[in-house]
Amino acid sequence: MTQVAPEQPLHRALGLTDEELDRIHELLGRDPNDFELAVFSLLWSEHCGYKHSALLLKRLPSKGERVLQGPGENAGVIDLGDGEAVAFKVESHNHPSAVEPFQGAATGVGGILRDIVAMGARPIALLDGLRFAEPDHHFNRAVAGIGHYGNSVGVATVGGEAVFDEAYRDNCLVNAMCIGLLPADRVTRARATAIGGHVVLYGATTGRDGIGGASVLASAELGEEDADKRPSVQVGDPFTGKKLIEASLELVEGGLVESLQDCGAAGLASSLAEMARDGAGIDVHLDRVPLRETGMEPWEIMISESQERMVAVVRPQMLEAVRGVCARWELDCTPIGDVSDTGELRAFYGDDLVGAIPASFLTDECPRYEVDREPHTLDDVAPSAHNSSPKAWIYERYDQLVGSRTVRRPGLDAAVLRLRPSLRGLAVSLQGPPPGLTPLRKPPPRPEIAKDHRVASVLEDQFEVAAPKRPAGPPAPKPANDGTDGLRHKVCKGEQEIPDRHVLDS
């Protein structure tokens with residue numbers, strides 16, 4: 001007789017521990033219903049709540065005279081001077097890319113674009129950090145997904161890296177980064193402040209794709225049942241994504257929205273909770289959400305991760321103008337709720353109240369765990385031979401010039417983007433630990449480090465016009481020719497590209 005494993009409790013199936021369930025009971029003062037339990041599981045997941053990494057991330061510096069927006073919003077914003085600011089963010093899409101590489105990587109790009117747009121910024125560049133075991137079929141599909149979305153939406157992919165190591169055999173890393181520009185005095189934020197304003201959902205319609213992605217897929221370990229998780233991977237539509245970008249920027253530039261929020265991981269549950277986290281409440285009517293599938297339950301509508309959707313808070317007198325902008329871009333636009341002063345996220349379906357949770361319980365009360373630190377023996381492991389091979393075949397699949405800002409293209413340490421109409425530039429790069437360096441490994445000494453120092457010297461010569469002038473005096477003695485003079489001359493004249501490094505510094 002085959003023994004059948006007992007069915008696990010709902011909270012464990014959703015990724016919550018027994019202790020976390022007890023904490024939910026304590027906060028609510030009652031038992032949560034199934035709808036509320038699903039919302040808690042998503043907002044308290046690692047992907048949304050950073051419950052294991054938040055304490056570590058708080059150790060990083062995040063304040064400065066040029067910081068216009070630090071942690072706590074959709075993206076960081078830095079003042080560039082001359083009335084201009086840059087918004088930027090990097091986000092992982094690892095597990096979806098391990099399960100379905102093409103759509104996992106593509107929707108990673110789509111999601112990071114919307115995070116930048118939610119700050120009121122126009123995306124100008126994408127960067128992607130890829131770490132796989134080898135350049136196999138999975139890697140190629142991830143590269144194809146990045147190119148598909150970025151090229152179709154019309155944002156240049158100008159940087160990143162590609163690192164290969166056996167440590168990433170079963171858990172690849174796919175990090176998507178986006179950079180956008182906006183006026184320094186017009187930073188848009190997600191938090192709802194207009195009591196009585198309408199909550200408007202616009203963009204694509206809502207289906208069942210991505211349900212449970214943030215809690216069950218993105219915050220769990222992958223195993224033999226990975227194929228069963230394939231339905232949790234979202235499917236992107238870059239052409240709708242492009243329309244969403246343009247409509248959102250038109251709404252922001254016209255002063256038609258009070259708050260703006262991407263509807264990504266955990267869907268409406270996450271978006272509305274984050275908008276209501278500072279004391280404002282939100283009442284959402286799930287039966288008003290435009291659907292593309294029949295028979296969807298209220299909890300499915302609430303946590304669906306269907307792509308290309310945004311949520312805005314709109315004052316009543318601006319609603320018709322907002323509808324007009326969305327109609328021009330052929331996007332659905334539907335008021336689905338209102339901003340209240342209750343401090344609660346309340347969900348209705350018809351006349352029924354299906355869930356009510358104080359928004360601060362979902363955000364500020366998310367558990368925080370100290371990560372145990374254990375000593376490990378570091379073994380010398382030679383980096384994969386794939387790391388020293390040329391990477392041009394990867395970044396040549398990306399549109400590097402769309403937008404006409406790219407001054408320095410992939411192949412060097414950083415890309416350079418022009419800040420039009422001035423002659424100022426913005427250098428951007430995305431890079432992690434060198435090949436072979438994992439928590440359990442350290443790389444052996446590499447002779448190519450000397451080559452990297454020579455390349456750095458060449459780069460310094462290219463940009464010496466920006467360095468302070470030397471004081472008058474006798475000229476410094478000329479160093480002996482080390483064989484790089486010819487290369488230096490050709491690079492400065494633009495006649496020869498420096499060979500690719502061991503990573504994709506695209």
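Kindly identify the range 47-121 as rounded, prolate or oblate by the Cα gyration tensor criterion: order the square roots of the eigenvalues as a ≥ b ≥ c, call it rounded if a/c is under 1.5, otherwise compare a/b with b/c, prolate if a/b is larger, else oblate.
It comes out oblate by the Cα gyration axes.
Taking θ = phi - 60°, what integer Hz values does the Karplus form 6.51 cos²θ - 1.76 cosθ + 1.60 yield along the range 319-326, in sequence order, with x for Gly and Pro?
Karplus-based 3J(HN,Hα) across the range 319-326 equals 4, 5, 5, 5, 4, x, 4, 5 Hz.
Counting only other residues whose beta carbon sits under 12 Å from that of LEU353, what net charge do I get with K and R as +1, D and E as -1?
-4
Percent relative contact order of the range 127-215, based on C-alpha pairs within less than 8 angstrom and at least six residues apart?
39 percent
What is the range 328-437's relative contact order, in percent, from Cα pairs under 8 angstrom and six or more apart in sequence?
Once normalised by length, the contact order is 13 percent.
First select every other residue whose beta carbon is under 13 angstrom from the beta carbon of LEU260; then total the charges, Lys and Arg +1, Asp and Glu -1.
Its environment carries a net charge of -2.
Given the pairs LYS51/LYS391; LYS51/LYS243; LYS51/LYS89; LYS58/LYS89; LYS63/LYS242, which span a C-alpha to C-alpha distance of over 26 angstrom in this model?
With Cα atoms farther than 26 Å apart: LYS51/LYS391; LYS51/LYS243; LYS63/LYS242.
Take peptides 26-38, 121-133 and line them up by average Cβ neighbours within 10 Å, highest first, as a rough protection proxy.
121-133, 26-38
Karplus couplings for the range 97-114 from phi (6.51 cos²θ - 1.76 cosθ + 1.60, θ = phi - 60°), rounded to Hz, Gly and Pro as x?
Values per residue, Gly and Pro as x: 6, 6, 7, 9, x, 5, 6, x, 6, 5, 6, x, 5, x, x, 6, 4, 5 Hz.
Over the C-alpha atoms of the range 13-156, what are the Rg and the largest Cα-to-Cα span, Dmax, in Å?
When restricted to the Cα atoms of the range 13-156, Rg and Dmax are 18.7, 54 Å.
Hey, any idea what % of the range 1-67's accessible area is carbon plus sulfur with a 1.4 Å probe?
Ligands and nucleic acids excluded, carbon and sulfur give 53 percent.
Using the Cβ atoms and a cut-off under 14 Å, what net charge is assigned to the surroundings of ALA87, where Lys and Arg are +1 and Asp and Glu are -1?
-1
For a quick protection proxy, order the peptides 176-186, 59-69 by their average other-Cβ count within 10 Å, most packed first.
176-186, 59-69
What translational D, rounded to a whole number of µm²/s, comes out for the range 321-426 from Stokes-Einstein when the hydrodynamic radius is the Kirkwood one over Cα pairs, at 20 °C and 1.002 mPa s?
98 µm²/s
Amide H of GLU344 versus every other amide H placed in the peptide plane: which residues, excluding those fewer than 5 positions away on the same chain, fall under 5 Å?
Residues meeting the criterion, in which the H sits 1.01 Å from N, are GLY281, ILE282, ALA359.
Given a 1.4 Å probe and every protein chain left where it sits, what share in percent of the accessible area of the range 307-386 is carbon and sulfur?
Carbon and sulfur together cover 47 percent of it.
Cα extents of the range 89-172 along the three principal axes, largest first, in whole Å?
Principal axes ranked by extent give 40, 20, 19 Å for the Cα atoms.
Under a 1.4 Å probe, what is the accessible area of the range 92-202 per residue, stated in Å²?
25 Å²
Assuming 0.890 mPa s and 25 °C, estimate D for the range 288-340 with Stokes-Einstein, Rh taken as the Kirkwood radius over Cα pairs, in µm²/s.
Rounded to a whole number, D works out at 192 µm²/s.
Quick check for you: with a 1.4 Å probe and neighbouring chains kept, what is the accessible area per residue of the range 29-78, in Å²?
54 Å²
The values are calculated or read from the model by the stated rules, or taken from the named source; none is laboratory data. In this text, all values refer to a predicted model and were calculated from it rather than measured experimentally. FYI the Cβ positions are ideal-geometry reconstructions off the backbone, even for glycines, and counts take in every protein chain you see. Protein only, heavy atoms only, side chains kept; ligands, DNA and RNA dropped before computing areas. Shrake-Rupley method; radii C 1.70, N 1.55, O 1.52, S 1.80 Å.
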